[in-house]
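Working notes, structure below.
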Amino acid sequence: MIKKYAFLSLVIFCLFMQSCSPDQKADSEKKNDSTVINASASLEVLNQKILAEPKNPDLLHERAKYYLDKKDYPNCYVDMMSVLIQDSSKAAYYMTLSDLYFYTNKTRGSKKALEKAIELDGKNIEALLKLAELHLYVGQNKESIEYINKALAIDMYNAKAYFMKGMNYKDLKDTSKAISSMQTAIEQDKTYYHAYMQVGLLLAAKKNPLALQYYKNALQIVPNSTEAWYATGKFYQDMGDWDNAINTYNALATADAKNKSARYNLGVIYLLNLKKYPQALEQFTKAIQVDSNYVEAYYCRGVVYKTLRDKKQATANFEQCLRINSGYEPAETELKQLNKLNK
């Protein structure tokens, strides 16, 4: 069993409070400028090489990948068409074409390109797993698992394959198989952050305290993961451990000032569980300062004001909900009740 960390808030704070000094920011800006210059230089080098060897498909392919990386999809497409006119025999070319189609929301084209890559290279695990991912993406779990099994027949130690199998089982609501597959992925790759997170989330849904250990392992891999810290706080909240939940959310909100969900959840705990209304108001207000269209935060702040019998402020917050979302029924209901009280 996992021991609850009395020093959790301090640990999170120390992990997150690594802000850049002005000098560090200046260095970062210089690096960004350098990256732009280097990228331009790389493109220029490629252009010069292509001018010297215009019929070299590998060079065109390199430039196409450059454009793909820069999200310059039209130029990437032009280069890829030129590549395939010159040479249509390499699986790598179709892998790039598949990525291009996927990023431009042409999943059918992406699928065909991957199938062609496998036709050219039957042991192309990357293509098999990308096809599995495409089928998972559209809810075709049976087909997805079939491609995963083909990949595992080639490499039975492939961590990504087990992870994707787990995602399929999660999609199919088979929690036991999902957890088992994710754990196998971790056995193959001890640094598989997403696998740790998925097992943690699946265990948390079952209110299993072991979820905390998986979040902790995820944080050892990505110490500044707001996702993992938030999941930790949410688990404590769902289990009714208000002190650890508050400590976690407070530390997360301190480290990530734009994390509106941490502020909102703090407000909910203070409102519903601890009945500490001034603190609840403070947290909902801070969440709204991050997102001025946070309709749920306005609603909850309205509920706090209603509880404090401040009808004017309660009405203002519920009305703001409807300005943001005209069909927000909870606010409509509250306004109707307030109007009845005013008559």
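Bear in mind that the values in this text are calculations on the coordinates, not laboratory data. It should be emphasised that the depicted structure is a prediction, and the values quoted were computed from it without experimental measurement. All Cβ positions, glycine included, derive from the backbone under ideal geometry; neighbour counts span all protein chains shown.
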Query - Which listed residue is in contact (Cβ under 8 Å) with a residue 24 or more places away in the chain, in a loop (DSSP other than H, G, I, E, B) and either under 24 Å from the mean Cα position of the chain (by Cα) or more than 24 Å from residue 215 (Cβ to Cβ) (or both), from 250, 265, 293 - result: 293
Report summary line: In the stretch 206-237, anything in contact (Cβ under 8 Å) with a residue 24 or more places away in the chain, among the polar types (S, T, N, Q) and assigned to a loop (DSSP other than H, G, I, E, B) is listed as 224, 225
Query - Pick from the stretch 155-183, criterion in contact (Cβ under 8 Å) with a residue 24 or more places away in the chain and of a type in the set (S, T, N, Q), ranking: surrounded by the fewest Cβ atoms within 10 Å (Cβ to Cβ) - result: 175
Report summary line: Flagged in the stretch 111-164 as under 15 Å from residue 182 (Cβ atoms) and under 19 Å from the mean Cα position of the chain (by Cα), in numbering order, are 136, 160, 163, 164
Query raised in the report: If we keep just the residues of the stretch 45-72 that are outside any helix (DSSP H, G or I) and in contact with a Phe, Trp or Tyr (Cβ under 9 Å, 6 or more places away or on another chain), which is surrounded by the most Cβ atoms within 10 Å (Cβ to Cβ)?
Result: 72
Query raised in the report: Are any of the residues in the stretch 101-110 within 26 Å of residue 183 (Cβ to Cβ) and within 22 Å of the chain's Cα centre (by Cα)?
Result: no
Query raised in the report: Among the residues of the stretch 226-248, how many are buried (at least 19 other Cβ atoms within 10 Å of the Cβ) and either over 22 Å from residue 206 (Cβ atoms) or in contact with a strand residue (DSSP E or B) (Cβ under 9 Å, 6 or more places away or on another chain) (or both)?
Result: 2
Requested in this report: Inspect the stretch 199-207 for any residue being over 27 Å from residue 256 (Cβ atoms) and crowded, with 20+ Cβ neighbours inside 10 Å and give the result as yes or no.
Outcome: no
Query raised in the report: In this structure, is residue 197 farther than 26 Å from residue 305 by Cβ and within 23 Å of the chain's Cα centre (by Cα)?
Result: yes
